[in-house]
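Below: the structure, in structure tokens.
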Amino acid sequence: MKDRIPHIIALKGFSNSGKTTSLESVVKFLTSQDKKVAVIKHIHQDNFTIDQKGKDTWKMRNAGGDPIVSYSNDEIAFLTNHKLDMENTLGILASIRPDLDYVFLEGFWENSYPKILFIKNLEELENLIEEILHSPMGNNYLQSTFCLSGTYFVSGSYHKKAMMEKFDGLVESGILPKPLKKHIASLPILNIKDHPEKFLKIFQSLS
């Protein structure tokens, strides 16, 4: 039987914009549909490690071992300081779990995979678009977005007219090219946390 190729979806948004709660809902929904799901999450904290100081694995890493594999009956963890790009990371993931249906990238957005933008408020929307467009291939990153979500759209402060005015202002200031404004303004807006099945329906319509 040929290994399946998983769908890869990237999530982009600042802190507290709804990424994690929405992703949790989607993962629960997909697994309830017998789908196999993996999540790769970017940790922004410097010097972060899941290892615990003083433990045997920590001692072996400090002695120079790399990688260190923590192997138990319930969990296997690979601890390494070796830098991997996303494609290599996905390759390792595929070798471990060739049966995956979906892989979600939380915090990894500089790629051409389909994306969801999560927005907390209108000011953050402007900052989010500026950050994306100032990055290499920013236009392509924004073009790969297929829906908008986040806490802004389920709060009482969301008004479509205000959001369209914000888009127009970004065009007038030269931040957002008109073709991209048309693309972003036409994207479906989803409450993914409460309706993960709608997200799946829209994503499946892309192919």
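Once you charge only the Cβ atoms, +1 for Lys and Arg and -1 for Asp and Glu, what is the size of the charge dipole of the stretch 66-123 about its Cα centre, to the nearest 20 debye?
120 debye
How would you rank 33-40, 7-14, 126-133, highest first, on the average number of other Cβ atoms within 10 Å across their residues?
7-14, 126-133, 33-40
Report, in cubic angstrom per residue, the convex hull volume of the C-alpha atoms of the chain.
So the per-residue hull volume is 157 Å³.
Expressed in nm², what is the orientationally averaged projection area of the convex hull enclosing the Cα positions of the stretch 52-125?
8.1 nm²
Tell me the mean residue ellipticity at 222 nm calculated for the chain from its helices only (DSSP H runs of n ≥ 4, each -39500 (n - 2.57), averaged over every residue, nearest 500).
-11500 deg cm²/dmol
Quick query: amide H of ILE8 versus all other amide H atoms, modeled in the peptide plane; which residues come in under 5 Å with a sequence gap of 5 or more or a different chain?
Here the answer is VAL103, since their amide H atoms fall under 5 Å of that of ILE8.
Looking at SER144, MET60, ILE96, which one has the Cα that reaches farthest to the positive end of the dipole of the chain (charges on Cβ: Lys, Arg +1; Asp, Glu -1)?
Of the listed residues, the answer is SER144.
In whole Hz, what ³J(HN,Hα) sequence does the stretch 31-37 give by Karplus (6.51, -1.76, 1.60; θ = phi - 60°), x for Gly and Pro?
Computed from phi, the couplings for the stretch 31-37 are 5, 5, 9, 6, 8, 9, 10 Hz.
Mean separation of Cα pairs under 8 Å and 6+ residues apart, divided by the residue count of the stretch 51-104: what relative contact order is that in percent?
19 percent
Nearest 0.05, what FRET efficiency do SER72 and GLU172 give at R0 = 45 Å with Cβ-Cβ as r?
The calculated FRET efficiency here is 0.20.
Which net charge results when you count Lys and Arg as +1 and Asp and Glu as -1 among the other residues whose beta-carbon is under 9 Å from that of LEU11?
+2
For SER149, what charge total do you get from the other residues with a beta carbon under 9 Å from its beta carbon, if Lys and Arg give +1 and Asp and Glu give -1?
Net of charged neighbours comes to +2.
Rounded to the nearest 5, what % of DSSP beta bridges with both residues in the chain are antiparallel?
20 percent
May I ask for the net charge around VAL171, where only other residues with Cβ less than 15 Å from the Cβ of VAL171 are counted and Lys, Arg are +1 while Asp, Glu are -1?
Net of charged neighbours comes to -1.
Under a crude label model (7 Å from the Cα following the beta-carbon direction), how far is LYS160 from ASN127 in nanometres?
According to this spin-label approximation, the distance is 2.8 nm.
Percent antiparallel among DSSP beta bridges with both residues in the stretch 36-137, to the nearest 5?
DSSP beta bridges in the stretch 36-137 are roughly 45 percent antiparallel.
Could you order the peptides 180-186, 77-83 from most to least packed, using the average number of other C-beta atoms within 10 Å per residue?
180-186, 77-83
Using only the Cα atoms of the stretch 1-116, what are the Rg and Dmax in Å?
16.0, 45
Compute the distance from the alpha-carbon center of the stretch 187-207 to that of the stretch 108-167, in whole Å.
16 Å
Can you give the FRET efficiency for SER15 and ASP56, using 1/(1 + (r/R0)^6), R0 = 30 Å, r = Cβ-Cβ distance, to the nearest 0.05?
Once the sixth-power term is evaluated, E becomes 0.30.
Just so you know, all these numbers are worked out from the coordinates, no wet-lab data involved. Being a predicted model, the structure only gives us computed values, none of them experimental. As a convention, Cβ positions derive from the backbone with ideal geometry for all residues, glycine included, and neighbour counts pool all protein chains shown.
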